[in-house]
Amino acid sequence: MRRTIFMLAVALMALSIDCQAQDEPFWLGADISGTTALESRGVQLYNAQGEPRENTALMKELGMNAIRLRVWVDPPGGFSSKEDMLVLAKRAQALGMPVMVDFHYSDSWADPAKQTIPRAWQGMNLRQMCKALARHTLETLRLLKKNHIDVRWVQIGNETTGGMLWEMGRAWPDMTNYALLNNSGYDAVKKVYPHAQCIVHLDCGAVLSRFRDFFNALRDKGGKWDIIGMSVYPYWDLKDHHVHVERETLENAPRNAYYLAMEFGTDVMVVETGYESSRPEEGKAFLTELIRKLRNETEGHCLGVFYWAPEAEEPYPLGAFKNHRPTVIMDAFSSDE
């Protein structure tokens, strides 16, 4: 009986997801959080025809309809602070592009290899940490709300496969602390933007077990989320031996997105992807097919795809620009294929 009730609940949630998905477009976007830092160094970006462009406007010109922006707690130099993020959020708002806010809950990069507690939060106990996380979330989103920014999605942490705010918020072997921290962020988001959807974001969308184990454990601890966020990078999947050929990433990620939506009753988004800038034609082909599969083979349960830092160039290997102009990789966002 319990299983029957659970399956009925999942079916009803899936029906609700279908209704919501019909009311909005498939979101295509990019994380362009590094834009203001580039501008501070005097870097000018151009479109493929060599005409000068501001990066947010260029993303829209390239076929995107949304922007993702990270925020750090107290970053040295000020880039990716809440005030710096607001600069780019205003540009997106002026172009009619809704914003995804990506909270790193650190003073710098947070990812599967590092989830460093901000300097100002060090030495706190769990209760204090939950309050600090909620306060930072509230202050940031209230600043955006005051400036009429259309925040549609909020990430409660960045690639939190191993949790966040280490050591206190490690997800394994016990997810109790992480779930409490996650829920503090979730509840804070809903106080400011009640209709914004909260994303829990893991790396390596090609590996289903990573997501199943994580979200089963998070659900068991009462963890809250609205959307499952994925990173999909064939480059890193190959480098870390998660796949044998990059085609596996292309086949696995859409199939996993659909499976996860069915199992957990929540939609999925690819909030980060990228391809080797040194192989632009292959990159265009990969990204075009990835978008097509996610749109057509998930029955509407994948809501969108976001490229990470397309404007970045060497030494970062997975941007999509050369000489400050977009390569053909970016054509995938306006492709009709």
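The values are calculated or read from the model by the stated rules, or taken from the named source; none is laboratory data. Everything numeric in this text was worked out from a predicted model, so none of it was measured. Positions of Cβ are generated from backbone atoms using ideal geometry, with glycine treated the same way; all protein chains shown enter the neighbour counts. To get the accessible areas, we keep the full protein, side chains included, count just its heavy atoms, and leave off ligands, DNA and RNA. Shrake-Rupley method; radii C 1.70, N 1.55, O 1.52, S 1.80 Å.
Summed over the residues of the chain and divided among them, the accessible surface reaches 43 Å² per residue at a probe radius of 1.4 Å.
My understanding is that a pair violates if its Cα-Cα distance is over 27 Å; which of 221/293; 145/284; 146/293; 60/322 do that in this structure? Working shown, then result.
Numbers: 221/293 33 Å; 145/284 36 Å; 146/293 38 Å; 60/322 19 Å.
As for pairs spanning more than 27 Å Cα to Cα, those are 221/293; 145/284; 146/293.
Estimated purely from DSSP H runs of n ≥ 4, each contributing -39500 (n - 2.57), the mean residue ellipticity at 222 nm for the chain is -13500 deg cm²/dmol once divided by its residues.
A simple count of charges around residue 176, restricted to other residues whose Cβ falls under 12 Å of its Cβ and scoring Lys, Arg +1 and Asp, Glu -1, yields 0.
Please label the shape of the range 275-337 as rounded, prolate or oblate, based on the square roots a ≥ b ≥ c of the eigenvalues of the alpha-carbon gyration tensor (a/c under 1.5 means rounded; beyond that, a/b larger than b/c means prolate, else oblate).
On the way: a/c = 2.57, a/b = 2.06, b/c = 1.24.
Since a/c reaches 1.5 and a/b is larger than b/c, the shape of the range 275-337 is classed as prolate.
Taking only protein heavy atoms and a 1.4 Å probe, the accessible area of the range 254-337 is 46% carbon and sulfur.
Across the alpha-carbon atoms of the range 57-164, the computed radius of gyration and Dmax are 14.4, 47 angstrom.
When every Cα-Cα distance of the range 141-240 is counted in 10 angstrom steps from zero, the calculated P(r) takes the values 15, 43, 30, 11, 0 percent.
List the relative contact order of the chain as a percent without decimals, with contacts defined as Cα pairs under 8 Å and 6+ residues apart.
Values: 660 pairs, mean separation 60.3, N = 337.
Computed over the chain, the figure is 18 percent.
Residues 268, 87, ordered by accessible area of protein heavy atoms at a 1.4 angstrom probe radius and largest first, appear as 87, 268. Split the accessible area of the range 106-170 by element, probe 1.4 Å, and carbon with sulfur accounts for 52%.
The smallest convex shape that holds all Cα atoms of the range 218-307, its convex hull, gives 98 Å³ per residue.
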